Amino acid sequence: CMFCHGELYRLRPDNRHLTAFYLWVSVGGAVGGLLVAVVAPLVFNAYHELALGLLAACALAVGMYWRLHWIARLFACALLICAVGGFAYDAFKFRDGASLTTRNFYGVLHVKSYGAPGEPEYSRRLLHGVIMHGEQYLTGDASRRLTTYYQRDSGIGKAIESRGKDPVHVGVIGLGVGTLAGYGRAGDTYRIYEINPAVLQIARTQFKYLTESPAKVDVVLGDARLNLEREPSQRFDVLAIDAFSSDSIPVHLITREALGVYLRHLKPNGIVAFHVSNRFLELAPVVAQIAAEHGAVARVVEQSAKDEDDTTSDWVLVSRDPSALQGPVLKDIAQEVKQRTQWRVWTDDYSNLIQILK
């Protein structure tokens, strides 16, 4: 930006040509936006456009400074060589260990394998950028093991367990690799909402949770909230909201109005389980506040790592029936949420990400 804007200013035309000058600057910005938003996801399977843009800028610098002092030429060439090296390193490192990489409008997904086929610890992970969206062991009975944020000791695991042995109807916002379908038993119904069709394709072809679940599993593509607003009440026993573990959260899924939609789809004693594990954002008090707006009770279940390879998770469970969170399965682990009374309630018209930074 320093170089390009500097040269743009240095080469500015006479005042009588300023209209055309600003027009072409605007055209360049529009073309660049189209290349990044439309062309790049179709052509690249990773975020290569940034590196290519830097390479183009460095090549332009070489051309601009070639007629100047030899020190300027040397500096420009060194910059170009560093950019080429950095781009090559980034491209190879990105694919390191990835058995599958794909990109669409929603970003870059890659599947990484660990171990060798047949080994007890052979597994795969789905990553969206640096965020892990699920893991499954693929050898023998280990494929039925529930992993990462969805282990049986997690908040969502305990919420499903608290429903007893009768068939349950579970809703899930956010498919990942389909881990929650691994809880399914014969007679259960799981309805999963997923916005990214590439995630569904990967979950069906690279992982086994969906295809091997004894439960009836339906996957609905599209924005979850919009789909739920259109549908009649599903009467879920448990509805898991699993879309907040990344650095950029979909705010429209964690507002007062959104929770109203979720509660409409629950049985009277049903539970909404918000997955609020996040490295940067403190989301539990936000959920507690919107729950209070609906006269519901909110409790947090924190799962600690048992060893260095284990995953921690935080789930906030919300129910209009306090007894649903006080049964034998949940009463000793579901804790009060730390209140932030000075925070304003999140709505479709208001949210404050700065305020909830950890």
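The values are calculated or read from the model by the stated rules, or taken from the named source; none is laboratory data. Predicted model only: the values in this text are computed from it and were never measured. Ideal geometry is used to build each Cβ from the backbone, glycine not excepted, and the neighbour counts take in all protein chains shown. With ligands, DNA and RNA removed, areas are computed over all heavy atoms of the protein, side chains included. Shrake-Rupley method; radii C 1.70, N 1.55, O 1.52, S 1.80 Å.
Some values worked out for this structure:
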quantity: Residues of the range 13-52 that turn out to be touching a residue at least 60 places away in the same chain (Cβ under 8 Å) and either open to solvent by 90 Å² or more (accessible area, probe 1.4 Å) or acidic (D, E) (or both), as a count; calculated: 1
quantity: Number of the condition not met by Y149 [criteria: (1) open to solvent by 10 Å² or more (accessible area, probe 1.4 Å); (2) touching an Asp or Glu at 6+ places or on another chain (Cβ under 9 Å); (3) without any contact (Cβ under 8 Å) to a residue 40 or more places away in the chain; (4) hydroxyl-bearing (S, T, Y)]; calculated: (3)
quantity: Strands (runs of 3 or more DSSP E) contained in the range 124-215 and holding at least 3 residues within 26 Å of L263 (Cα to Cα), hydrophobic (A, V, I, L, M, F, W, C) and at pLDDT 95 or above; calculated: 169-173
quantity: Elements of type strands (runs of 3 or more DSSP E) contained in the range 244-323, each with 2 or more residues being among the small types (G, A, S) and in contact (Cβ under 8 Å) with a residue 24 or more places away in the chain; calculated: 266-275, 313-319
quantity: Qualifying residues in the range 221-236 (those that are over 13 Å from Y193 (Cα atoms) and touching a residue at least 12 places away in the same chain (Cβ under 8 Å)) - the one surrounded by the fewest Cβ atoms within 10 Å (Cβ to Cβ); calculated: S233
quantity: Residue satisfying all of: in the range 349-358; farther than 15 Å from A284 by Cβ and open to solvent by 80 Å² or more (accessible area, probe 1.4 Å); modelled with the highest pLDDT among these; calculated: D349
quantity: Filtered residue count, the range 106-123, keeping only those that are open to solvent by 30 Å² or more (accessible area, probe 1.4 Å) and in contact with a helix residue (DSSP H, G or I) (Cβ under 6 Å, 6 or more places away or on another chain); calculated: 0
quantity: Answer residue from the range 255-283, given it is at pLDDT 95 or above, touching a strand residue (DSSP E or B) at 6+ places or on another chain (Cβ under 9 Å) and closer than 23 Å to T341 by Cβ and is surrounded by the fewest Cβ atoms within 10 Å (Cβ to Cβ) among those; calculated: E257
quantity: Those residues of the range 57-104 which are open to solvent by 50 Å² or more (accessible area, probe 1.4 Å), modelled with pLDDT of 85 or more and either under 30 Å from the mean Cα position of the chain (by Cα) or on the phi > 0 side of the Ramachandran plot (or both), in sequence order; calculated: L100
quantity: Unmet criterion (only one of (1) open to solvent by less than 50 Å² (accessible area, probe 1.4 Å); (2) more than 25 Å from S162 (Cα to Cα)) for Y190; calculated: (2)
quantity: The range 299-348: number of residues that are open to solvent by 90 Å² or more (accessible area, probe 1.4 Å) and among the β-branched types (V, I, T); calculated: 1
